[in-house]
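Take a look at the structure set out below.
The values are calculated or read from the model by the stated rules, or taken from the named source; none is laboratory data. Computed from a prediction, not measured in an experiment: that's the story for all the values here. Cβ placement follows ideal geometry from the backbone for every residue including glycine, while neighbour counts extend to all protein chains displayed.
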Amino acid sequence: MNLFLAVFAALGISSSIMVIRANNPVYSVLYLILVFVNVSGILILQGLDFFAMIFLVVYVGAIAVLFLFVVMMLNIKIEERQESMLRYVPVGAGIGLIFFLEVIIALDKEFVPLNPLAFTSLDNDSALIPEYLHWGTTLGQKTGIEAIGQVIYTYYFYYFFMASFILLVAMIGAILLTLHNDPKVKRQEVFEQNAREFSRTIQKAS
Amino acid sequence: MFYLFESDFLGLIPETFLLLGLSTLLGYGVWYEKGRESEMTSHQLWVGGLCLAFTFILLCESPLMNMILCFNTLIIDGMSAYLKALILLSTLCIFGLSFSYLQQERIKAFEYVILLLLATLSLMLMVSSYDFISLYLAIEFQSLGLYVLAALKRDNEYSTEAGLKYFVLGAFSSGFYLFGASLIYGLTGTTNFEDLGILFTGVGPTDLFTQGSVVVGLLFLSVAFLFKISAAPFHMWSPDVYEGAPTVITAFFSVAPKLALFGVLIRVFYLGFFDFLFSWQQIFFFCSLASMVFGSFGALAQVKIKRLLAFSSIGHVGYMLIGLATGSLQGLQGIFLYLLIYLVMTINAFSVVLSLRTHEGEPRFLLDLKNLNLKSPILALTFSLTLFSMAGIPPLAGFLSKFYLFFAALDASLYSLAILGVLSSVISCFYYISIIKLMYFHKAEEVQLKPLVGIDGQKGFLLGITFFGILFIFLYPSPFFLLSHAAALSIS
Amino acid sequence: MSLIHSLHVSFVVFLLGLVGIYLNRKNIILVLMSIELMLLGINLNLLSFSVSLDDLLGQIFALFILTVAAAESAIGLAILVIYFRLRGTIDIEFIRLMKG
Amino acid sequence: MTEFFPIFIFLIISLGLSLILVGIPFIVAPQKADPEKISAYECGFDPFDDARGKFDIRFYLVAILFIIFDLEVSFLFPWSLVLGEINFFGFWTMIFFLLILTLGFVYEWKKGALDWE
C-alpha cells in the first residue's frame with residue numbers, strides 16, 4: 001500500500017516541478033494533467049473515492065481542457081532560450097527550505113497533542129501518531145459520497161447557495177468578457193422565418 | 001432538526017430581497033436588450049439604485065438584531081448591521097457617480113449594474129460570515145465580480161491589464177488564505193470562529209498549542225488579508241489596478257471591499273484568535289507603520305491622479321490598522337468611525353475627479369488640474385477642502401477620525417504608532433497642499449481654457465452631501481459616535 | 001502514518017505553485033497553472049487532514065474549493081484571452097504599461 | 001482499498017497496451033532520418049509559421065460553459081444518492097441551486113452565447 005502512495009507522490013511532485021520548468025506550454029499543461037491524475041491516485045489510496053473521481057471529472061476533464069484550449073488558441077512561441085534557473089537557486093531554495101522546514105517541523109512535533117498516551121512513549125517515532133479506530137467503517141456502512149450528500153444539502157446549505165452564486169458570476173463574467181456579437185453578422189432567426197406570412201411580406205405598391 | 005431554523009430566513013431578508021431584485025433585473029435586462037443598449041444601462045442603474053435603497057430600509061427595519069443563522073455559518077450583530085449599511089450607502093454613491101460616466105465612456109453593458117449588485121451582495125454576506133468556509137466563498141464571490149469589472153473596457157489595454165493583475169494577485173492571496181485556514185482546520189478540527197475562540201481561551205505565549213503551526217496558519221491568514229486591503233508590504237499591485245480600472249470601478253475598489261475586509265479582519269482576529277494577541281499584534285503593528293510611510297512617501301512622486309488616490313488610500317489603510325493593532329474596544333470604535341469618514345471623503349474625491357472631464361476625455365495627469373479655479377471655482381474649493389480633511393486639518397472630518405484613532409493608540413500604549421501617524425499625516429499634508437497649489441497658483445500656458453463637461457444631477461447631489469458631511473460633521477458628531485460604539489460593543 | 005506522507009506531498013505542491021508564480025519569466029498561462037497547483041495542494045492538504053481527523057468538514061471545504069477553483073480559472077482565462085486579443089502577446093515582460 | 005483492485009488491473013493493462021503499441025515501431029521500424037525527410041513538406045518551400053492554426057473564440061466560450069455545467073452535475077451526484085434521507089429540505093435546496101443556474105442559462109441563451117456562426 002505504501003508503495004503505491006510513494007509512486008503516486010513521487011510522480012505527482014516531479015510532474016509539478018516539470019509544469020514550471022517545461023519550456024513548451026503544451027508540455028506544461030500535459031504535466032498539469034499528470035499532477036491531477038496522481039493526486040486523485042493518492043486520494044483513492046486514502047479511501048476518498050468520490051473525491052478522486054470528482055478530481056478526475058472536474059479538474060482533468062474541464063480545467064485542463066480549458067487550459068489546452070487557451071494554449072492552442074494563443075499561438076505561444078516555444079521558449080527557445082532556456083534561461084538558467086541557477087540565478088534563482090540560492091534565494092529560491094533558501095526561502096523554500098525555510099518555509100518547508102518550518103511548517104513540517106511545526107507539524108511533526110505536536111501534530112495531535114491531545115492524546116496524553118502519545119507522550120509516554122516518546123522514544124519511537126511511530127507511536128507519536130496514534131492509529132485511529134475508524135468508527136466509520138465499523139458501524140454503519142456509509143460510503144464517502146453518501147456521507148457528503150447527507151450533510152451538504154441540509155446542514156451546510158448556505159455554502160451550497162454561495163457555490164451557485166459563484167457559478168452564476170463566473171458565467172456572467174465569462175460571457176460579458178469574451179462574447180462580442182458584431183452586428184454585421186446576419187443571424188438566422190428560425191422562428192421569425194417560419195412565422196412569415198404572405199400578406200405581411202408582399203405589399204401592393206400602387 | 002429542520003424546525004430549528006424557521007427564523008433563519010427572517011434574519012436574511014435584506015440579502016434575499018437584493019438577490020430577487022437582482023435576478024429580475026438580469027432577466028429584464030437580457031430580455032429587452034436587443035435594440036436599446038444605452039437606455040438599458042441607465043434603466044438598470046435607476047432600478048438597481050431603487051433596489052439598493054429598499055435593501056437599506058429592510059436592513060434598518062430587520063426584526064432580528066443579534067442572531068446566529070444557518071447552523072452557525074452566519075452571524076448578525078451590531079457590527080454587521082453597521083457595516084452592511086455603509087456598504088449599501090457606498091454602492092448607492094457609486095451608482096450615482098456612474099450615470100454620466102457610462103454614457104461618456106460609451107460602456108453599453110448593462111451587466112455592469114448586475115455585477116455591482118452581486119458584489120454588494122457578496123460584501124454583505126462576507127461581513128456577516130462566521131467561519132472560514134463561508135468567509136472564503138464570500139471573498140471569492142466578491143473578487144470574481146471585481147475581476148470582471150476591472151477588465152470591463154475590453155478595447156482599452158490599461159483596463160485589461162488591470163484586470164489581469166488584480167486576478168493574479170487576488171488568486172494568489174486566496175491561496176495564502178486557504179493554506180492558513182487548512183492548517184488551522186488540520187490542528188483544531190473546526191473552522192468556526194466561535195469554536196476557535198472557545199478552544200483558544202487562556203492560551204498564553206508559552207502554551208503547547210502556540211508553538212505549533214497554528215501561529216503559522218495565523219501568519220498566512222494575516223498575510224492574505226493584508227494583501228487584499230493592500231496594506232504596505234503587499235501594496236504593489238494596487239496603484240496599477242487603481243489606475244487601469246475604469247474610474248467608477250476604482251472608486252468602488254477603494255471604498256466597498258475595504259469596509260468589508262476590515263469587518264472580516266475584526267471578526268477573525270477579535271473573535272477567533274483574540275488569545276493569540278501577542279502574535280498578530282506585531283504583524284499589524286509593523287504593517288500599519290509600513291503602510292503609513294509608504295502611503296505618504298509613495299504619493300510624493302506621483303504624476304497621475306488615480307495613482308495618487310491609490311497611495312492616499314494605502315495611507316488611510318495604515319491609519320485604520322492602528323485601530324486593529326491596539327487590540328482594545330476603543331481601537332475598534334476608532335476604526336468604525338474612520339471607515340465612515342473615509343467613505344465620505346473618498347466618494348467626494350472621486351466625484352470631483354469624475355467631474356473634471358473635458359470634451360476630449362478623462363483627465364489622467366495632475367497637470368490637468370491646472371488653474372481649475374478659473375474653470376470652476378466651486379469645484380476647486382470642494383477639492384481643496386476634501387484634501388485638507390484627508391490630511392487631517394482640525395475643523396474638518398478627517399481630523400476627527402485620526403484624533404480618535406491616535407487616542408486609542410495612546411491608551412493601548414502604542415506610542416510609536418501614534419507619533420509616526422502624526423508624522424506621516426504631516427508628510428501627506430505636503431503632497432495634498434502641492435495639488436492645491438497646482439490648482440490655484442499655477443498659470444496654464446495655453447490661452448483658452450478647455451471648458452469642463454457639465455456635472456449631471458446625481459453627481460452634483462453627491463458632491464453636495466459629502467461636502468456638507470466633511471464640513472459640518474465636527475459640529476454634531478454624537479450620532480456617529482453612538483453608532484460606532486454600538487458596533488464596537490457587539491464584538492466584546 | 002500515511003497522513004504525514006500526503007501532507008508532505010501537499011506542502012511541496014503548494015510550494016511549487018508559489019514558486020511557479022514568482023520565479024517564472026515565461027508567460028501568464030504558467031501563472032494561472034501554478035495558481036491551480038496551489039489550490040490542488042491545499043485541496044489535498046484538507047482531504048488528508050479530514051481523513052486523519054475522521055471528520056467531514058475538511059471534505060466539504062475541499063469540494064467547495066474545487067468549484068471556486070474551476071470558476072476562477074474560467075474567469076482568469078477569459079481575461080487572458082481578451083488581453084491576448086489586444087496585445088498580441090502574453091509574455092510577462094510586456095505587462096508593464098503602468099510602471100512607476 | 002481492496003475493492004479498487006480490479007480498476008487498478010484495468011488501468012495497468014490499458015497503460016501497458018498503449019505503451020506497447022507506441023513503443024514497438026521505435027524498436028522494430030528502421031530509423032534513417034535525414035534533414036529533408038524530417039522538415040515539413042510545403043510543396044518545396046519552407047513553411048513561414050508553425051503548422052498550428054489559431055482557434056476561434058467561440059470554442060473558448062463553449063469550454064467555459066462546459067466547466068460551469070460540469071460542476072453543476074458534480075453537485076447532482078451526491079444529491080441523487082441521498083434524496084431519501086434529506087427529505088424535503090434537501091430537495092428544495094437543490095431546486096434553488098438549479099434555479100439560479102437556469103437563470104444563468106437563460107441569460108446566456110438570450111445573450112446569444114450559444115449561437116454558432
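Only one of B:69, B:59, B:137, B:144 is farther than 16 Å from residue B:254 by Cα, surrounded by fewer than 24 Cβ atoms within 10 Å (Cβ to Cβ), free of Cβ contacts under 8 Å to residues at least 60 places away in the same chain and of a type in the set (A, V, I, L, M); which?
When all the criteria are applied, what remains is B:59.
Could you tell me whether region A:35-51 includes any residue that is modelled with pLDDT of 90 or more, buried (at least 21 other Cβ atoms within 10 Å of the Cβ), within 30 Å of residue D:57 (Cβ to Cβ) and away from chain D (no Cβ under 13 Å)?
Yes: one or more hits.
Can you name the residue in region D:71-90 that is more than 20 Å from residue A:167 (Cα to Cα) and either more than 7 Å from chain A (Cβ to nearest Cβ) or in contact with an Asp or Glu (Cβ under 9 Å, 6 or more places away or on another chain) (or both) and is also surrounded by the most Cβ atoms within 10 Å (Cβ to Cβ) among such residues?
At the first step, the residues of region D:71-90 found to be more than 20 Å from residue A:167 (Cα to Cα) are D:80-89.
After this cut, where a residue has to be either more than 7 Å from chain A (Cβ to nearest Cβ) or in contact with an Asp or Glu (Cβ under 9 Å, 6 or more places away or on another chain) (or both) as well, the list is D:80-85, D:87-88.
Values: D:80: 10, D:81: 16, D:82: 20, D:83: 14, D:84: 8, D:85: 13, D:87: 11, D:88: 8.
For region D:71-90, the residue satisfying everything is D:82.
I'm trying to understand the selection: among the residues of region B:166-178, which are crowded, with 24+ Cβ neighbours inside 10 Å, within 12 Å of residue B:237 (Cα to Cα) and within 8 Å of another protein chain (Cβ to nearest Cβ)?
Across region B:166-178, the qualifying residue is only B:167.
May I ask you to list pairs of residues, at least six apart or on different chains, whose Cβ atoms are under 8 Å apart, with the first in region C:66-89 being more than 7 Å from every other protein chain (Cβ to nearest Cβ) and more than 13 Å from residue D:68 (Cβ to Cβ) and the second being surrounded by fewer than 24 Cβ atoms within 10 Å (Cβ to Cβ) and hydrophobic (A, V, I, L, M, F, W, C)?
C:85/D:57
Within region B:269-279, which residues are buried (at least 23 other Cβ atoms within 10 Å of the Cβ) and assigned to a helix (DSSP H, G or I)?
Going residue by residue through region B:269-279, those that are buried (at least 23 other Cβ atoms within 10 Å of the Cβ) are B:269, B:272-273.
Within region B:269-279, B:269, B:272 qualify.
Listed here are the residues, each with its yes/no results for (1) part of a helix (DSSP H, G or I); (2) of a type in the set (Ser, Thr, Tyr); (3) within 26 Å of residue B:147 (Cα to Cα).
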site: B:16; (1), (2), (3): yes, yes, yes
site: B:22; (1), (2), (3): yes, no, yes
site: B:71; (1), (2), (3): no, no, no
site: B:94; (1), (2), (3): yes, no, yes
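Here's a check for you: in region B:117-133, which residue that is more than 9 Å from every other protein chain (Cβ to nearest Cβ) and in a helix (DSSP H, G or I) is farthest from residue C:64 (Cα to Cα)?
Among those residues, the one meeting the criterion is B:117.
Could you check how many residues of region D:1-37 are over 30 Å from residue A:42 (Cα atoms) and either assigned to a helix (DSSP H, G or I) or in contact (Cβ under 8 Å) with a residue 40 or more places away in the chain (or both)?
So the first thing to find is which residues in region D:1-37 are over 30 Å from residue A:42 (Cα atoms), and the list is D:24-37.
When the remaining residues are screened for being either assigned to a helix (DSSP H, G or I) or in contact (Cβ under 8 Å) with a residue 40 or more places away in the chain (or both), the result is D:24-28, D:35-37.
Looking only at that region, the number is 8.
Of the numbered conditions (1) modelled with pLDDT under 90; (2) under 25 Å from residue B:490 (Cβ atoms); (3) surrounded by 23 or more Cβ atoms within 10 Å (Cβ to Cβ), residue B:214 satisfies every one except a single condition; which is it?
With respect to (1) modelled with pLDDT under 90; (2) under 25 Å from residue B:490 (Cβ atoms); (3) surrounded by 23 or more Cβ atoms within 10 Å (Cβ to Cβ), residue B:214 is out only on (2).
Confirm whether residue B:168 is under 27 Å from residue B:21 (Cβ atoms) and either out of contact with any Pro (no Cβ under 9 Å at 6 or more places or on another chain) or assigned to a helix (DSSP H, G or I) (or both).
Working: under 27 Å from residue B:21 (Cβ atoms): no; either out of contact with any Pro (no Cβ under 9 Å at 6 or more places or on another chain) or assigned to a helix (DSSP H, G or I) (or both): yes.
In short, no.
Sort out for me the helices (runs of 4 or more DSSP H) sitting completely within region B:362-416 that have 2 or more residues that are within 25 Å of the chain's Cα centre (by Cα) and in contact (Cβ under 8 Å) with a residue 12 or more places away in the chain. Break it down stepwise before answering.
Numbers: elements: B:372-375, B:377-391, B:397-411.
Counting at least 2 such residues, we get B:377-391, B:397-411.
What is the number of the single condition among (1) more than 26 Å from residue A:3 (Cβ to Cβ); (2) under 16 Å from the mean Cα position of the chain (by Cα) that residue C:10 does not meet?
All conditions pass for residue C:10, except number (1).
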